[in-house]
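See structure below.
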Protein chains: 2
Amino acid sequence: MAKQLIECVPNFSEGRRSDVIEAIVAPFRKRKGCALLDYRADADHNRLVVSLAGEPAPVQEVLIEAATVAVSRIDLNRHQGGHPRIGAVDVVPFVPLRDITMEACVELAHHFGRRYHQETGVPVYFYEEAALMPERRRLEAIRKGQYEGLKKDIQRPERHPDVGERTLHPTAGATAIGARKFLIAFNVNLGTDDIGIAREIAKVVGASGGGLGHVKCIGLPLKDRGLVQVSINIVDYEKNALYRVLELVRMEAKRWGVPVAETELYGMVPAPALLDSIAYYMQTAGFDPSQVIELRLLELLGDEK
Amino acid sequence: MAKQLIECVPNFSEGRRSDVIEAIVAPFRKRKGCALLDYRADADHNRLVVSLAGEPAPVQEVLIEAATVAVSRIDLNRHQGGHPRIGAVDVVPFVPLRDITMEACVELAHHFGRRYHQETGVPVYFYEEAALMPERRRLEAIRKGQYEGLKKDIQRPERHPDVGERTLHPTAGATAIGARKFLIAFNVNLGTDDIGIAREIAKVVGASGGGLGHVKCIGLPLKDRGLVQVSINIVDYEKNALYRVLELVRMEAKRWGVPVAETELYGMVPAPALLDSIAYYMQTAGFDPSQVIELRLLELLGDEK
């Protein structure tokens, strides 16, 4: 039987001090059953985003180790950066990858949240699928006012944490722990410098403007290149495939006589999302992912572990 | 450092007796460092085609074990089937998959050929990239006259084996051992029952008719479905990508007003072949295969072994 596989994308409020960044990332390296897929520190945001994959148990172990480092070495009272945050360990989302349900990831988030609080004393809010209150599904609601605002507001009943005391950790603030689907970050760069066109396309393609569900779009300028970008998050790629989003952007771009210059897949992508799109473009019938040599090898390696 | 990875697709002259088939396949299961990707026995062809992947050393070990079973249990004097063959172990091609050159696979074929002869007494011919004489690059030349014909012809200088005596093994015949690139089997089914159209398209798209190099095509009827098929082998997918072959077939089909009903990918496909085509259709710039979660996991698992 194949092992359960999750992704976890913890965000830490440190993007500048390389010794602290390396100390946080260290536990994620070389732990059996857990793979460090990627990590990116951004100095402007003053934030570290890590991508892990592995079995639920070892992923939790390394998260506790890394979180302990972050809690001891980051002081939110001295933290400044462009990205909203409430804690040293700011958010910890669990994402189902293989042979695990969303329900199990929600349970995992709750279990991990309680343990994390016990070991660090940091209060916890549960968000997205793991939210205990509907208004906390949206991370923005939990992070309202950021660390500085929450410090006072945490006393108010509607802002009490889900786990822990009604007061922030004196230096490490609070942490949002959640469960969500895999998010694909996908950009379509258009051969024009007219930002109005990117914004108009983003509006009609994204869910908030009445376009495709589970798709978030914004229009951005790429000034150095003289292009504009429709920047897209697909928050449920099983509901709206990459190809469908791209073809809709292409269709709308035609209205303005603007070509698609290129696209960008940003960060990690699960193989099924790509295979689904290749099957569309190539009209492939009955294609099974286990026909891909590498996926079959991974299956076999996973089985024998 | 990632381990070297090869594919091997040994063909055995047994597609009917399930006890013999299972005895041949048994050594391919559960050997560390070698994965049984697929095996298909065809009763009409009376032939067993196995697909293995793994590191060169363990792949050779299991091949010797399986070959010993095949040599002891298959008698070519009693063998009948639709597919051309010269031996119990008919062909053994080595295919580079990762971090190994074609030159290394040719050496591997030669080394394995000598060892196989030593342990079984079966004479060996080297073919394709491993051929020692240009006229033996083509497997058809080696298999000319099949087992029955070769039994007499092996005495003639131009048909002496590359390894072993100038006489066939009394029951197991001879074996062709080679090195070649990965072959992708890809079919395009057309929405017409006019076989002439499939043959015409096959002719202009395939290399032998002056079309794309490294591509072999034939037109076939799919009588039960009322369709025709352009059946395609891409013998070097790095030289001619899937998307290019498909788009050329689509372009030619338009000439006849015939739609592409669907396509089929048959057997195993390497991930880079699919990623190359997805990058074409989605205009993805700078996409790195290690952004695919599963490929990254495979890389990490391969490293830690």
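Here are some residues: B:Val269, B:Val249, B:Val258, B:Val245. Which one is under 30 Å from B:Asp194 (Cβ atoms), facing chain A (nearest Cβ under 7 Å), touching a residue at least 40 places away in the same chain (Cβ under 8 Å) and touching a strand residue (DSSP E or B) at 6+ places or on another chain (Cβ under 8 Å)? B:Val269 is the lone residue from the list that is under 30 Å from B:Asp194 (Cβ atoms), facing chain A (nearest Cβ under 7 Å), touching a residue at least 40 places away in the same chain (Cβ under 8 Å) and touching a strand residue (DSSP E or B) at 6+ places or on another chain (Cβ under 8 Å).
Sub-8 Å Cβ pairs linking a first residue in region A:152-170 that is part of a helix (DSSP H, G or I) to a second residue that is of a type in the set (A, V, I, L, M) and open to solvent by less than 30 Å² (accessible area, probe 1.4 Å), at least 6 apart or interchain, are A:Arg159/A:Leu150, ordered by first then second residue. The residue of region A:19-34 that is modelled with the highest pLDDT, among those that are open to solvent by less than 80 Å² (accessible area, probe 1.4 Å) and not in a helix (DSSP H, G or I), is A:Cys34. Report, by residue number, each residue of region A:188-203 that is surrounded by 17 or more Cβ atoms within 10 Å (Cβ to Cβ) and either small (Gly, Ala, Ser) or in a strand (DSSP E or B) (or both). Across region A:188-203, the qualifying residues are A:Val188, A:Asn189, A:Leu190, A:Ala198, A:Ala202.
Would you mind finding the one in A:Val49, A:Val92 that is in contact with a Pro (Cβ under 6 Å, 6 or more places away or on another chain), in a strand (DSSP E or B) and under 15 Å from A:Ala176 (Cα atoms)? Before the answer, list the steps.
Numbers: A:Val49 fails: in contact with a Pro (Cβ under 6 Å, 6 or more places away or on another chain).
Answer to the check: A:Val92.
If you go through region B:222-237 and keep only what is of a type outside the set (S, T, N, Q) and surrounded by 15 or more Cβ atoms within 10 Å (Cβ to Cβ), you end up with B:Leu222, B:Leu227, B:Val228, B:Val230, B:Ile232, B:Ile234, B:Val235, B:Tyr237. Cβ-Cβ distance below 8 Å, separation of 6 or more or different chains: which pairs start in region B:8-32 with a residue that is over 15 Å from B:Ile64 (Cβ atoms) and within 14 Å of chain A (Cβ to nearest Cβ) and end on one that is open to solvent by 30 Å² or more (accessible area, probe 1.4 Å) and in a helix (DSSP H, G or I)? Partner pairs satisfying both residue conditions: B:Lys30/A:Glu304; B:Lys32/A:Glu304. Please verify whether B:Ala67 is in contact with a Phe, Trp or Tyr (Cβ under 9 Å, 6 or more places away or on another chain), part of a helix (DSSP H, G or I) and crowded, with 16+ Cβ neighbours inside 10 Å, treating the condition exactly as stated. Here the answer is yes, as B:Ala67 does meet what is asked. Restricting attention to region B:133-191, the residues being polar (S, T, N, Q) and over 26 Å from B:Gly267 (Cβ atoms) number 3.
Residues that are more than 22 Å from B:Ile293 (Cβ to Cβ) and surrounded by fewer than 18 Cβ atoms within 10 Å (Cβ to Cβ) within region A:35-60 comprise A:Ala43, A:Asp44, listed in sequence order.
In the set (1) open to solvent by 20 Å² or more (accessible area, probe 1.4 Å); (2) within 7 Å of another protein chain (Cβ to nearest Cβ); (3) under 24 Å from the mean Cα position of the chain (by Cα), the condition left unmet by A:Leu298 is number (1).
So B:Ile234 fits all but one of (1) more than 7 Å from chain A (Cβ to nearest Cβ); (2) under 18 Å from the mean Cα position of the chain (by Cα); (3) at pLDDT below 95; what number is the exception? So B:Ile234 meets the others, but not (3).
Restrict the check to region B:152-162 and report whether at least one residue is under 25 Å from B:Gly81 (Cβ atoms), more than 24 Å from the chain's Cα centre (by Cα) and hydrophobic (A, V, I, L, M, F, W, C). Looking through region B:152-162, at least one residue is under 25 Å from B:Gly81 (Cβ atoms), more than 24 Å from the chain's Cα centre (by Cα) and hydrophobic (A, V, I, L, M, F, W, C). Consider region A:75-128 and keep the residues that are among the charged types (D, E, K, R) and open to solvent by less than 30 Å² (accessible area, probe 1.4 Å). The one that is farthest from the chain's Cα centre (by Cα) is A:Arg85. Looking across region A:277-295 at every residue that is more than 7 Å from chain B (Cβ to nearest Cβ) and at pLDDT 95 or above, the one that is nearest to A:Asn189 (Cα to Cα) is identified as A:Tyr280. The lone criterion from (1) out of contact with any Lys or Arg (no Cβ under 7 Å at 6 or more places or on another chain); (2) hydrophobic (A, V, I, L, M, F, W, C); (3) open to solvent by 10 Å² or more (accessible area, probe 1.4 Å) left unmet by A:Ala131 is number (1).
Looking only at residues in region A:1-18 that are within 18 Å of A:Leu139 (Cβ to Cβ) and under 13 Å from the mean Cα position of the chain (by Cα), the one that is surrounded by the fewest Cβ atoms within 10 Å (Cβ to Cβ) is A:Asn11.
Residues of region A:98-142 that are among the polar types (S, T, N, Q) and part of a loop (DSSP other than H, G, I, E, B): A:Thr101 alone.
The values are calculated or read from the model by the stated rules, or taken from the named source; none is laboratory data. Since this is a predicted model, take the numbers as computed values, not measurements. Here Cβ is always computed from backbone atoms with ideal geometry, including for glycine, and neighbour counts include all displayed protein chains. Heads up: the accessible areas ignore ligands, DNA and RNA and are worked out on the full protein's heavy atoms, side chains in. Shrake-Rupley method; radii C 1.70, N 1.55, O 1.52, S 1.80 Å.
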